[in-house]
Amino acid sequence: MTETSSMAPAQAEPGSETLAVRASGVDRAFGGVQALRDASFAARPGEIHALAGENGAGKSTLIKVLCGLIKADKGTVEIFGTEVSRVVEPAARRRMGVATAFQELSLLPDLTVAENLLLQDPPRGRLGLVQRRRLAPAAEEILNRYGVDDIDPRATAADLSVAQRQVVELVRVLAGEPRVVILDEPTAALADRQVDWLAGHMRRLRDAGSCVIFTSHRWREIESLADRVTVFRNGTHVATRDTLSEAEAVTLMSGRSFAGAYPQITTEPTDDNALSVTNLHSGRLAGVDFDLRRGEILGVGGLAGQGQRDLFLSLFGAQRVRRGTIAVDGKAVTIRSPKDAIRAGVGIAYVPEDRKAEGLFLPLSIRDNIAAATLSRRATAGFVNRGKERAVVKSIVDQLNIGAGRSTNRAADTLSGGNQQKVVMARWLLTEARILLLFDVTRGVDAATKHDIYELVGTLAAQGRAILYYSSETEEIAHLCHRVLVLREGRVAAELAGPVGDAERIVAASIKEGQDA
Amino acid sequence: MRDALRRVSLGYLVLAATAVAYIVVYTSRLGRFPTSFDYLSILNTTLPLVFVAIGQSLVVLTGGIDLSVGGMVSVCVAVTATTVSSSITWLFVVLAIGTACGALNGLIVAYGRIAPILTTLATLSIFTGLGLRVLPVPGGSIPQEVRLVLTNPATPTGLIWLGLAVAGWLVLRRTRFGMRVYAIGSDEASARAVGVPAAAVKLKVYALSGLCSALAAVFYVSTTTSGDANAGNPFILTSIASVVVGGVAFSGGRGSALGAVAGAVALTLVIDILFFSGIDPLYQSLFQGLFLVVAVLLGTVAALAARRRRQA
Amino acid sequence: MSSRRVLYALGGTVAVLLVGAILHPGFASWSSLRVMLVVASFTGFVAAGQMLVVLVGGIDLSIPWVLNGAAIVLTTSSLGQTSRAPLAILLALGVGALVGLGNGMGVAWLGVPAVVMTLGMNGVMQGLTLGLSKGLTCASCGSYAPEPLRGLFDGALPAQLFLWAGVGLFMTVLLTLTTFGRRVYAVGVNPRAAFLSGVGVRGVTVALYTLSGVFAALAGIALVAYGGQPSLGLGDPYLFESIAAVVVGGVSILGGRGHYLGVIAGSLTLVAVTTFLQAQRVPEYGRLMIYGLVILAILFAYGREKAHD
Amino acid sequence: SDAAAPAASGEKAGKIKIALSNSFIGNQWRVEMENVYKAACAMPPYVDQVECSVFNAGNDVSTQSRQISNLISQGVDAIVINAASTSGLNGVVQQACDRGIVIVSFDNTVDNQCGLTVNTDQIKFGQQLAQFIVDELNGQGNVVMVTGVAGTGADNDRNKGAKEVFAANPGIKVVSSYTGMWDSATAQRATSAQLPNLPEIHGVWVSGGTDGVIKAFVAAKRPMPVVGGEAENGFRKFMAGILTPKVNGMSIGQPPFLSVISLELARAVVKGEHPKSSITIPFPVATSDKMVPGETVFPDLPDSFFADFTDSGPNATVILCQEAATDGTPCPGKTLDVNLGTP
Ligand SMILES: Nc1ncnc2c1ncn2[C@@H]1O[C@H](COP(=O)(O)OP(=O)(O)OP(=O)(O)O)[C@@H](O)[C@H]1O
Ligand SMILES: Nc1ncnc2c1ncn2[C@@H]1O[C@H](COP(=O)(O)OP(=O)(O)OP(=O)(O)O)[C@@H](O)[C@H]1O
Ligand SMILES: [Mg+2]
Ligand SMILES: [Mg+2]
C-alpha cells in the first residue's frame, strides 16, 4: 500500500506544470491521530476528479489542506505549479482561483443569504463603503444566474432547510467561476433534482477548463460524474484510476469486499399496528395519516424539505404538534417531549441525521454517549450502576463492532464518522424501543458502515420492531422498505408498495403535478 | 439582518418607553416639562457610558465579553486627570493607552486562545491596579477649554460627539470589517473557512473597545473635572446592561451598537424616573434589577414571536 | 481530559504554596495553611454553586446579595437562640433555593440570558434585603448567629473544614456517580443532543441554578457564623472571586468539563496568592496587578481552548 | 415611601428645600447617617422649617450626578452630599453653585471649592489612634495596620496620619499592613490569614472593620493587643467587656450625625444665620475606661452598628436618641439643638 501510494502520483502526473492541484508526501495529525500519512494527490485542469474513501479516510482533511484551512505537518501543496504549502489562509487560495464547499457547511447562520454570498467582496460605493441596499439585488442576480429561484436572498441562513443551505454554499463557491472547485460531499443533503442541477454546473466548469474535485459516498454519482477517481484509505493514497467498478472501489477503500449493495428484505411485516398517525399537523405537515406495523420498514420519500423532518421530530415529541393524534399499539398517546417518547410505555426512538449537532456528546466517552438515553434504567435511587452499565455498553459495542475493540473510555470525537453513527444507533438500541425513527442515518457514511446499517435495519425489523425510514438517497428507500410514503407539501402524496426497486418511481411520485409548488 | 433590525428597534422601543415615562414623572412632579438644562445634563452624564457601551457591543457582537472596560476606564481617567492639564497632546496618549490595553486583551483572546470573559477578568484586575498606581487619591484636573469643547455645560457640544460616535458606527458597519465582525460572532469556524481572518478582526475589535473606554474616560474627566482611580468599576455591569437592553445577542452576530447606545441612554433615564417617582431609596436597586430583566424579557419574547412568524 | 485539568489545578496550588514558603518562611506551615483553608472554604462554597451553572454554560451574578440576604435571614430568624437554629438554617437555605429557582426559571423557561437574569436578580435581592431589614437596623437585626454555628470555627481542626469536605464529597458524588451528574455534563456539552436523548434540559438547568442559590446561602450562613453577625455588603467580594476560583480550578467556562476537586484547589490558590502578597506588604495596586497576572499565567498553563486547525 | 414623603406632603410655602444626596446605602454607617437625617427632619426646628428629601446613587458617580442635576431642576435651596467620589461631582456641583444652591458635603466630601464641607480631620483620626497605641505601649512594640479602601481620600489621610506618628517612634515596628476594605468580615478574614505569619502583636491600628480584626485575634487565641479603631458597636462591646475578652482600646468614629450637622449648616446658611464657611467637628472619642451602655455602646444592637450616631458630654455637637439612628424616627418630645461651634 505504501508502495502504491508512492507510485500513484507518478502514474497520475503527465508533468506537474499542467497540473491544477498537486499534493505530495502530506502528513497531518490531530492530537495523536494521524489523519493523513504521506498522502499524495494530483488533479488536472479540465477534469472532474472524484475523491473516494471510507469515513475517516482523510478526504476532508486533504481538502482542508488543499484549500489552506489547515496546515500540513509535512509535505508540499502546489496550485498550478506554485508552491503554497506554507500559506494557511483560505482567502489567499481563493485569490489563486481555488474555491471550496466544505462538508460541515460554512454558512453564517445569523447573516442573510446575500451577506453570506457577498461577504468577501460586497458591492461598494464611493469611499469604498459597502452599499447595504444593493446586497440583496446583487445576491438575487447571482442566484438567478445559477438557476436558483426558490431562495430569498434576504432570508437569514439559519431559517433555510439543510438542502437550501447546501445550495447557497454551492452557489457561493461556483459564483467566482473558480479555476479549481473543491466540493466535499456536496450532494449529501441534496434531493436528486438538485443533484442533477449541481452535476450540470460541474460539467460546465469542467468543459470551461476548470478542475473540479469532489467527494461522495454515493458510488452512482462518482460513476456518472467523475473522469478520474482517487481512492484514499486510512489517510493514504491507494490508487488513481480512469475507470473503476463499484466492487473494485469498495475493495480498495476498505480492504474488504461485499455482496450486492442492498440486502434483500426477507421478513414480512405482521398485521398489528405499532403506530397509527391521523391528521398530523406540525411544522410544514398539513394533515398526515398512516399506519406503521410491527416488523415493517416504512420508507418516507419525496423531495427534500416536504415535511419529512417535521414528521420525525413531531412523532418524537421534539417539535410541537398543532393537531392530530398519535396512537401506539392502538392506544392514543400524548408525546410532549423526547422523554415521553422514550418512556417504556411508548418506546419510540429517533436517530438523527446530523450526528455531530443532534446525536453525539463529542468530548464525552463512548460509554457516556451510548448510555445517555437509558441512564435511569440502570440506576438505583439515582445512582448509576457502573458495573451494569459497562456490561451493557460492552455487549452492544461488540454487537455493532464499533471502533474495532477500542476502550469505551475514549472520547467519541476520536471515532470516525462511521463509528460515530454506530454509537448513536447503539444508544437507541439500548432503549429497546419498539418503534424506530431512522432519519437519514446513512448520510455521509461509508460503504462498509452503510452495509452494516442495512443489515442491522433488516434484523431489527425481523425482531418485530416497527421502523420509519427516511433517506436523502432515494435508492435506499426504494430497495430497503416494505412500503413507501411519498410526502409533498406536508401531505402524503402517494403510497407505493415495496420493495419499489426503481428509485425513479418514487421521484416521479414526488414531482407529479406538484412542480408548481 | 432583518432579525437584527428587529432587535435593535427593540432597543429603541425601550428607549422610547423610558423617555415617555421620564417626561411623565418629571412633569407630574414639577408641573413643567424638562428644560434644556435637564436634556443637557442627561446628555453629558450619559456620554461616558455611551462610549463604553459601543465598545462593549462590538466585543459582544463577536460573541465575546469585555469585563476589563472598568479597568481601562480607570487607567485612562487616572492618566487624563493627571496629565492633560499639563499639555493637551496627552489626550492622544490617553487614547493610545486605552487602545493598547484593549489590544492586549485582543492578543490574549485571539492568539492566546483564552476565553474572553476570563481574559478580561484577569486584565480587569491588572488595569485597576495600574489606575491606582497612577492616581492613588482622587484628584487631578482638566483644562477649562477642553471641558468647553467636549461637554460644555451651557451648549450641547456633547451632541456633536454623540453624532460622531453614531456616524463612526454607521461607517464601520459599512466596511468589510464590520461585516466580518458579524460573521465571526455568527460562527467563527465557518467565518475562517470562508476566508475571514478571525484573529486579526478580533484583535481590532478588542482594541476598539479599549479606544472607546479611553474616550469614555476623557469625557468622564471632562464632565467631573477631575479623576478617580475607581471611576471605571460601575461601567462593567452598566455597559453590559446597556448592550443587553439594546438588544445585542450574547451569542454574538445579532444586534447593533446603536441599540447599545439606546440602551445606555435608557438606563440613565431609568435613574431619573426612579428619582422623580420618589421610591424608597432602599428599594432602588430592586427596580433597576426588574427593569433589566423585563426589558430583556420583552426582547426575547419579541424575537421568538418574530421567528415563529417567519417559520409559519 | 478534565481530570488532567484537576491535576493542573492542584499543581498550581502546590506551586503557589511552595513559592510562598520559600520567600516567606512559615507561609505553608500547618497553622497558616489551616486558616487559609478556612478562608478559602467560603469561596469554595460559592464556587460550588458557580461551578454547577458554569458546567451548563451559564453564570450566576446574583451570588453577592443572595449570600447577604441569607446571612441576614439566619440571624434575624434565629434571634441567636440555639433552639431556633435548625429552623433558621432551613429558612436561610430556603431563601437561597427560592432565588436560585427564580434564576433557573428565567434562564430555562423564559430564555433570558443568564448574565442578565442573575444580574437583575442580584439587584432585586439587594433591594429586598436592604428594604426588609431597614438597612440592617430592624428590631431583630442585632441578634447573633446561634452558638452551635459559631462553634464551626473552634478547635485545631475546625468543623468548617469538615463541612467543606462534605460539600466536596456531595459535589463529587453528585457529578460523577449519579444519573443527574451524567445529565449535567451531557447538557453542558450538547444541549440539543441531550434533549433528543430524553434529558429534561430545562429541569436540569433549573435544578443547577437552585443549587447555586443554596450554596450561596450556605456561604452566607458560614460567614455569619464566622463573624457572629451579618453586615451589609458581606457578599460583594464573592462575585468575581467565585468565577476566578471556578476557572483556576480547571472548569471550562464553555461548559461540560470540570470537577469540584479542582475548584477546591482553585479557591485555595486564590486565597494563598492574596495572603502571600499581603504578607509581603505589597501595596494594593501591586496586589491587584499581580493577582491578575497570576490568573493569566494559570489560564495560559491550562485554560486555553483548542486550536481552530 | 418614607424617603420622599416629606417632599410629597408639605408643599407649604416658606419651607426651605434641602435634599440629601447619598452616594450609596450599601453599608450600615450610611444607613444610620440617613436615618438620623430623616429623624432630624421630623423634629423641630426642622420639621416646620425644612422640606427634606433623600436620594441614593448606588455608589455610581454618574447616577449621583443625575440626581444632583434633577435636584437642581427641582429648584431645591440646598443639597447635602456624601459623594461617590470626592472629585467626581465637581462638575455638577459647580452648576448647582452657579444657580445659587447651597452645597454642603460631608464624610466623602466634594473637592469643588464652591461648596461647603462638614467633616472630621481624617489625618488627625490616624494620628490620634496611633498616638494612643504608642502611649499604651510606652513607645515599644509590634504594630499592625489594617487600612481601608485604597484610592479614597479618607483612607489615604488616615494612613498618612498614622504613619507619621509611628515613624516618629523608633520603638514601634509596623510589622504588617494590609487592607480590611472598611468591612468587618473582610478584615477578619485577612487578619486570620496574616496572623500565623506574624510575630507577637502588641498594637493594632484599624481604619475600619475593627470588630472583625479583634474576632480574628480571639479565634487565633493570640494575646489581645491594644486596639485603636473605628466606632463599630462590636468593637465597643469588646471595649466595654460585653464581649470577651475585654479589649483595651480607643474608638474614634466618623460620626453618622455629620449629615445632621450638614443639614443644620445648610439651613443656617440659607436663612443667613451662619456665614458661608466650612466646619470641622471634633471626633467623638471613646476609650475602654469610660464606656456607657446606651450612650457609647449598645448591647442589643448589631456589631456592625456605628455606636457614635450621637455625640455625648456637656459641649456635645448634637444629642440624638437610638430610634433616630435605627428607625429614622424623631426622638420623643425633643427639639434638636445642633451646636455648630464658633466659626
Ligand atoms: N478536527 C479534528 N480533530 C481530530 N480528528 C480529526 C479532526 N478532523 C478529522 N479528524 C480525523 O481525521 C481522520 C480523517 O478525517 P476526515 O474528515 O478527513 O475523513 P473523511 O474521509 O472526510 O471522512 P468522511 O467520509 O466521514 O467525511 C478521521 O479519523 C477524523 O475523525
Ligand atoms: N475527531 C477526532 N479526533 C481525534 N481522533 C480522531 C478523530 N476522528 C478520528 N480519529 C482517529 O483517527 C484515526 C483514523 O480515523 P478513522 O476514522 O479511520 O478511524 P477508524 O476507527 O479506523 O474508522 P473506521 O473504522 O470507520 O475506518 C482513528 O484511529 C480515529 O480514532
Ligand atoms: Mg469528510
Ligand atoms: Mg478507517
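Read-outs throughout are calculated quantities, based only on the coordinates presented, and are distinct from any laboratory measurement. None of these values were measured; they are calculated from a predicted model. Neighbour counts are summed over all protein chains in view; Cβ atoms, including those assigned to glycine, are modelled from backbone coordinates with ideal geometry.
Just a few scattered comments:
- Structure remark: mean-square fluctuation, Gaussian network model of chain B, C-alpha springs under 10 Å; the largest value among B:Val25, B:Val265, B:Val245 belongs to B:Val25.
- Computed from Cα positions, the angle between helix A:386-399 and the longest principal axis of chain A comes to roughly 70 degrees.
- Measuring how big the stretch B:85-134 is from its alpha-carbon positions, Rg and Dmax come out at 13.0, 40 Å.
- Cβ crowding within 10 Å averaged over residues, with A:481-487, A:265-271 ranked highest first: A:481-487, A:265-271
- Antiparallel bridges, percent of DSSP beta bridges restricted to the protein assembly as shown (to nearest 5): 40
- Fraction of alpha-carbon pairs over 37 Å apart in chain A - percent: 33
- Binning the C-alpha pair distances of the stretch A:270-386 at 5 Å intervals from 0 yields a P(r) profile of 2, 10, 17, 21, 19, 14, 10, 6, 2, 0 %, listed from the shortest bin outward.
- Sorting the segments B:117-125, D:221-229 by their mean number of nearby beta carbons within 10 angstrom, highest to lowest, gives B:117-125, D:221-229.
- Largest GNM mean-square fluctuation across C:Ile63, C:Ile243, C:Ile22, computed for chain C with C-alpha springs under 10 Å, falls on C:Ile22.
- nm² value of the averaged projected area, convex hull over the Cα atoms of the stretch C:2-308: 16.6
- Using every pair of distinct Cα positions in the stretch A:211-312, the Kirkwood expression returns a hydrodynamic radius of 17.8 angstrom.
- Largest GNM mean-square fluctuation across C:Arg183, C:Arg202, C:Arg281, computed for chain C with C-alpha springs under 10 Å, falls on C:Arg281.
- For the stretch B:2-311, the Kirkwood estimate of hydrodynamic radius, built from reciprocal distances between every pair of different alpha carbons, is 19.7 Å.
- The relative contact order of chain B, computed from alpha carbon pairs under 8 Å that lie at least 6 residues apart in sequence, is 37 percent.
- Helix D:153-168 and the long axis of chain D differ in direction by around 40°, with both axes built from C-alpha atoms.
- Mean projected area of the Cα convex hull of the stretch C:1-144, taken over all directions, amounts to 11.9 nm².
- Packing-based ranking, highest mean first, of C:9-19, B:220-230 given that Cβ atoms within 10 Å are counted: B:220-230, C:9-19
- Alpha-carbon Debye profile of the stretch B:99-247, log10 I(q)/I(0) at 0.09, 0.16, 0.18, 0.22 Å⁻¹: -0.36, -1.05, -1.24, -1.48
- Peptide B:137-143 is shielded by partner chain Cβ atoms: per residue, an average of 5 of them sit within 10 Å of its Cβ.
- Pairwise Cα inverse-distance average, inverted: Kirkwood Rh of chain D (Å): 20.5
- For residues of C:48-61, the mean tally of beta carbons on other chains within 10 Å: 0
- Simple label model, 7 Å out from Cα along Cβ direction - A:Ser245 to A:Ala92, nm: 4.6
- When the C-alpha to C-alpha distance is required to be over 27 Å, the pairs from A:Lys339/A:Lys450; C:Lys134/D:Lys124; D:Lys163/D:Lys276; B:Lys204/C:Lys306 that qualify are A:Lys339/A:Lys450; C:Lys134/D:Lys124; D:Lys163/D:Lys276.
- Dimensionless Rg ratio for the stretch A:359-411, taking C-alpha atoms and the 2.2 N^0.38 Å reference: 1.11
- Cα pair count fraction exceeding 25 Å, expressed as % - the stretch D:111-225: 21
- Which of C:Leu149, C:Leu208, C:Leu33 has the fewest Cβ neighbours within 10 Å, and the rest in rising order: C:Leu33, C:Leu149, C:Leu208
- Here the contact order of chain D, divided by its residue count and restricted to Cα pairs under 8 Å and six or more residues apart, works out to 19 percent.
- Cα-Cα pairs of the protein assembly as shown separated by more than 59 Å (percent): 27
- Averaged over the residues of A:370-381, the number of partner chain Cβ atoms lying within 10 Å of the residue Cβ comes to 4.
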